[in-house]
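Remarks on the structure that follows.
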Amino acid sequence: MALTSDVKDELTKVEVSKTTVRAAELATILRFSGGLHLIGGRIAVESELDTPELARRVRKDLAELYGVRSEVSVISASGLRRSSQYLVRVLDGGETLARQTGLLDARRRPIRGLPNRLTTGSRDELAAVW
């Protein structure tokens, strides 16, 4: 297992209780592991993750923090992809979630980078973003 895999595994085991820290972590994961897609005329938020543990954590946080249901599918290893990936998708409520997490602005335009509120938060929130 590579060092990054060890670190990812260790980080998924850290329990975070503060809601703002969980929200900062989730927004960052959604920003860097996924994207916005138009499916059937609706905005979907997707996140492609390396481990089933992280996929479970993301789904749990989506439900508990934002009240949205997500679905997960497994993308099997093939070709250049050495291991399976886990795709977490939010379709119902995707646009609202994208706004709440700073992926979209009020005019439905994608936001580049991290939203300002994530980069100017408390020390705990900044650590979660890192």
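From least to most packed, judged by other beta carbons within 10 angstrom and beginning with the fewest, Tyr86, Tyr66 follow the order Tyr66, Tyr86. Compared with the direct C-alpha span, the chain from Arg108 to Val7 gains 32.9 nm at full extension, assuming 0.36 nm per residue.
Between Gln85 and Arg56, the contour length at 0.36 nm per residue exceeds the Cα-Cα span by 9.2 nm. Our helix-only sum for the chain, with -39,500 (n - 2.57) per DSSP H run of n ≥ 4 divided by its residues, gives a mean residue ellipticity at 222 nm of -13000 deg cm²/dmol. Size of the chain from its Cα atoms: along the principal axes, largest to smallest, the extents are 41, 40, 25 Å.
Values quoted throughout were computed directly from the atomic coordinates according to the rules given, and no laboratory measurement underlies them. All of these numbers come straight from a predicted model, not from anything done at the bench. We place every Cβ from the backbone using ideal geometry, glycine too, and count neighbours over all the protein chains shown.
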